[in-house]
1. About the Cα centre of the chain, what is the dipole size in debye to 20, counting +1 per Lys and Arg Cβ and -1 per Asp and Glu Cβ, all else neutral?
2. Determine the calculated [θ] at 222 nm for the chain from helices alone, applying -39500 (n - 2.57) to every DSSP H run no shorter than 4 residues and normalising by the residue count; nearest 500 deg cm²/dmol.
3. Under 20 Å between alpha carbons, and skipping anything fewer than 8 positions from LYS540 in its own chain: which aspartates and glutamates qualify?
4. Taking a temperature of 20 °C and a viscosity of 1.002 mPa s, what whole-number D in µm²/s does Stokes-Einstein yield for the chain with Rh from Kirkwood over alpha carbon pairs?
5. Which lysines does LYS593 reach when only Cα atoms under 29 Å apart count, and residues fewer than 8 places away in its own chain are ignored?
6. What would the Debye formula give as log10 I(q)/I(0) at q = 0.18 Å⁻¹ for the alpha-carbon point model of region 139-190, no solvent?
7. Given q = 0.10, 0.11, 0.18, 0.20 Å⁻¹, what are the Debye log10 I(q)/I(0) values for region 409-526, with equal point scatterers placed on the Cα positions and solvent ignored?
8. Binning at 10 angstrom from zero up to the longest distance, how are the C-alpha pair distances of region 244-304 distributed in percent?
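The values are calculated or read from the model by the stated rules, or taken from the named source; none is laboratory data. As the structure is a computational prediction, the values presented were derived from the model and not from experiment. In this analysis, Cβ positions are derived from the backbone assuming ideal geometry, glycine residues included, and neighbour counts consider all displayed protein chains. All accessible areas refer to the heavy atoms of the entire protein, side chains included, with ligands and DNA or RNA removed. Shrake-Rupley method; radii C 1.70, N 1.55, O 1.52, S 1.80 Å.
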Amino acid sequence: MLRFCGFCLFLCFSIFSLQGQIEEIREVETKRHSTAMRKSSGVFDAVKSSFEINYHRIELRLNPGVRYIEGVVVTQLKATKKTPYIAFDLDLELTIDSVWAVDNHQLLSVIRGTSDFLIKLPDTLTSGEMFTVAVAYRGVPPEYGGFGGFNSHQHQGEPVLWTLSQPYGSPSWWPGKSDLFDKIDSVDFVLNIPDNAQSAAPGLLIVDSIVDGDRRVQRWEHRYPIANYLVSVTIGNYVEISDSILLSNNQYLPFVNYVYQNDIGRVEGEIQQTHALMALYDSLFGIYPFYKEKYGHARFPRAGGMEHQTMSSMGNFHPDLIAHELAHQWFGNFVTCASWQDLWLNEGFATFLTGLRYKVLLSEDEWRQYKGTMMSKVTALPDGSVFAAPEDTVDTFGLFDLRLRYEKAGYVIYSLSKYLGEEVFYAAVRSYLNAFAFGFANTSDFMDHISQFSGVDLRDFFEQWIYGEGHPSFIAIWSQVGDSLELSFYQQTSTDVTPLFTFPLPIRLTFDNGSHFDTTIAISSTTTQTKFKVDGNLNKFEIDPEMHWITYANLVYEKGEYQKLFNEVVLYPNPSSGAVTLRSNLRFDVDLKFRVFSANGAEVLSYDIEKQSDIFIDFYLHTPGVYMVILEGQGFLYKQKCVINTNR
C-alpha cells in the first residue's frame, strides 16, 4: 500500500464511501491483425462459478502515452453456493499489492495463477450471502495478442490511452471475471488523469473535478448490466461534440462524442447520421436499451471500431461503421452471445442492421449493389461455418472471420427474414431481445425462441445455413409447349459437408407481353421439377432476382439450348485398341454420373463426376467388343457406343 502514496487517499475515500454507491471500412471490426490470443485458462475457473458480481468500482490512475496502470477494483459479489474462496482473472505480469475485505479492512491471502488468482475468504460464504472485496494492483499491462487489451502511446503527436478487451483481453488491465456467464449488474469508473485530458467510459459522467492542481478526477456511473469484455476506458485530448437524439418514447437521449482536435469541421455531418439510424433500429427492435443514460462515440487510433456499451470506440466515422457499432447496442450488449462460438449472433446481426441502412435509408440501386457485393464476398470461398468451431475461439483470424461471422451470418439473417416474412421476423426478434434482455443467449436459444414465436420449425434452416457449410448453385432448364411451361431445377452445393439446401427458391417469369409472375419453388431434393399453365410465351426466367438467398453462379437454359451444350462432349478414339478419352468441353461445372455397360448389359464402370474434366477409360483389362458409354444427370443424357478392337 505504501507504493500508492498520495493516490491512497483518493482510493480510500472512494472505498469508504462504497456503501452509498452500490446501487478502413472493409475491416469494420474484423480485428484480424493478429492470429494469436491469450485465452483465459485460469486454474481457479471452478471457483469463479460459485459467485456472481453485483458491482465493480474501478479506480485507476492513468496517463495517456504511458503504458502503466495502478488502481483499486472494489467488487461486491453474491455467493451462488457455499464457498470458502473467490477468484478473479488478472495477468501474472501485473502486481497485486494487497487484497482486503471492505467491511472491516481485513487483509486477505492470495494465491496467484498465470492468468487468475484465488482469495481465501475470512469466513465461508453461503448461497445468497454478500461480500465486498478490494484489490490494489499496478504494473505494465502485458501485450495482449488479440485486439489490443490496454494501449497507451502517441498518436499524431498526441498521447492517447484506450482499451479493447474482446474477447479475452480484460485480465491484461483489470481484475474481474472474464467470462460470458455473469454480467456485472452495475459499474463505476473513477479515473485520475492529467488535467488536460478527457476520459470516455460506459454510463454517465457524474463527477469532473481538478485535484492536486494538475490532475483531473472523473467518475462515470453505469447502472445497466454489462458483459466483462465491454468494460472500457478511453482517454485523450478530446474535443466534445454533444447533442441529443429523440427516441420513440419522446425522451431526448444524451448523444456525446469525443473526437480528435483535427476531426473538427470534418466529422460533424457523419456523426449526425446516428440520428436516422437510431430511429430506424428503435422502430424495428425496440427502444435503445440504455435509454436512461447515453449513447456516444470516442475516437481511438485503430481501424474499425468496438461496441463498448453506451460509448463505441471508433477508428473513423464511416456511416457503415456508425451503423454497425450502434447495432451492437441491441445485438451484443443488450443480449450478448453466450459463448464465442455463438459470435455470429453479435456480428451477424450488426452486419444485417448495417444492411438495413442501405435498404431503408438509401436508394434501391444502392441496396441492390450492397446485396450483390455481400453475395460475392460470401461465395468467394466454398466452405466454412457461421457457427464457430472450438478451435476458432483461440485464433483471432478464425473467430473474427469477416466472411463467415459477419457477412455470411448477416446474409443468412436476411434470408431468415424473408423465409418467415418480415412482419413475423421483426416481431419474433423483438420478443427474443425482451426474453434475454441484459443477459446471454446462444444459437439454440435464438433458434428455439424464433421457432416457437413464429410457429416455424427452423431446425433444418439452422442445420444447413448456420451449422452447415457452403452454398447452393442451380441449373434451371425450361421448356414450353403452348400454355404449358415445364421447369427443372438441379442443385449443386459448394461442399459435401452440406450436400443439400432445402428452402423456397424465388423465381420470376417474364413473358413476351410484358407481364411477369413471381413465385417460389419448394426445393427439397437435388432435383426438382414443376409445371405451370401460363398466358404468353416465356421471354425471361430469373432465379432469386431479389437475392433473398445465398446462391452462386445460377444458370438458366431453354431445354433445346441446354442439350446443344453437350454436343461438345466427344469420345475418342472410337474405335479404339483399349484406351478411350471422354472430353466434356462444358462452360460450367455439372454433377454427372458416368457409366459404362458391356454388350450383355453388365455395368463395368461407374462413378460420379463433380467437375468438368476429361475422363480416361482404360479397357485393356476388359474383353474386346462393343460398350455403351453413358453420361447423365441434371437434365442431360449422353449415350455413345464405343468399339474396342480385338487386334491389340
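1. 700
2. Roughly -6000 deg cm²/dmol at 222 nm, from the helical runs in the chain.
3. Excluding near neighbours in sequence, the set is ASP483, GLU486, ASP512, ASP518, GLU558, GLU561.
4. 76
5. LYS531, LYS559, LYS564, LYS611, LYS639, LYS641
6. Relative scattering, expressed as log10 I(q)/I(0), comes to -0.68.
7. With no solvent term, the Cα-only Debye profile gives -0.42, -0.49, -1.01, -1.14.
8. Each 10 Å bin holds this share of Cα pairs: 19, 49, 26, 5.
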